[in-house]
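See structure below.
The values are calculated or read from the model by the stated rules, or taken from the named source; none is laboratory data. Quick caveat, the model's predicted, so the values are computed rather than measured. Note that each Cβ is placed from the backbone with ideal geometry, even for glycine, and that neighbours are counted across all protein chains shown. The protein model used for the area step is the full one, side chains on, heavy atoms only, and it has no ligands, DNA or RNA in it. Shrake-Rupley method; radii C 1.70, N 1.55, O 1.52, S 1.80 Å.
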Amino acid sequence: MRQGTHGLGLGEKLGSYPIAGVGGGLAQMARRSGAVLYVVMIVCLAAITPPAAFAKGAVMTVVVVILFGLMLAWRRTSARLGLRRCYLYTDGLVVTNLFGGVRDAVAWSEVTELNRLSGASVFMTFHRVEISRHGHRPLVFLALGLEPPLVNALLSQLAKNGIR
């Protein structure tokens, strides 16, 4: 059964942001590679014009549109169910797992430092966030995108609590 993130004693909820693991980063890379492959295939169909080129292009387009729709549906469903989210609170943060249960909760008083690694390319754009804390393993997650709102919110909340 899924646990809620409320009732952990971390104060007022400031926001909910999507996060990812390695699988999410690889899915982003596969999605972008597929989009590039689709464009190359359409250009080849237009340039070479084999028999039934229109039908082949239409089938490929339908497949891409269906996959895009499934991606949007997954985003909406996972946000509604609280899957793979980072909830920021005034006194800490909570990270949920793929099933919506609490993976880890960190109070700002436990945090020693924040390490951030950013990567931006045509196929993968992410921010890797590692939160070091006293007496526990570091909390690591990915925020996908060029400028995800989670990173700015996290940095401002850490600055308010005097953590570098």
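At a glance:
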quantity: Filter result for residue 88 (at pLDDT 90 or above, in contact with a strand residue (DSSP E or B) (Cβ under 8 Å, 6 or more places away or on another chain) and closer than 17 Å to residue 164 by Cβ); calculated: no
quantity: Some residue of the range 103-121 being farther than 17 Å from residue 24 by Cβ, modelled with pLDDT under 90 and β-branched (Val, Ile, Thr); calculated: no
quantity: Which numbered condition residue 28 fails, given (1) of a type in the set (S, T, N, Q); (2) within 17 Å of the chain's Cα centre (by Cα); (3) more than 29 Å from residue 147 (Cα to Cα); calculated: (3)
quantity: Counted residues, the range 12-35 - those being open to solvent by 70 Å² or more (accessible area, probe 1.4 Å) and not charged (D, E, K, R); calculated: 5
quantity: Test: residue 64 is part of a strand (DSSP E or B), surrounded by 13 or more Cβ atoms within 10 Å (Cβ to Cβ), at negative phi and not charged (D, E, K, R); calculated: no
quantity: Selection from the range 140-164 of residues that are in a loop (DSSP other than H, G, I, E, B), closer than 14 Å to residue 111 by Cα and among the charged types (D, E, K, R); calculated: 164
quantity: Filter result (assigned to a loop (DSSP other than H, G, I, E, B) and either of a type in the set (Val, Ile, Thr) or closer than 17 Å to residue 18 by Cα (or both)) within the range 122-137; calculated: 122, 124
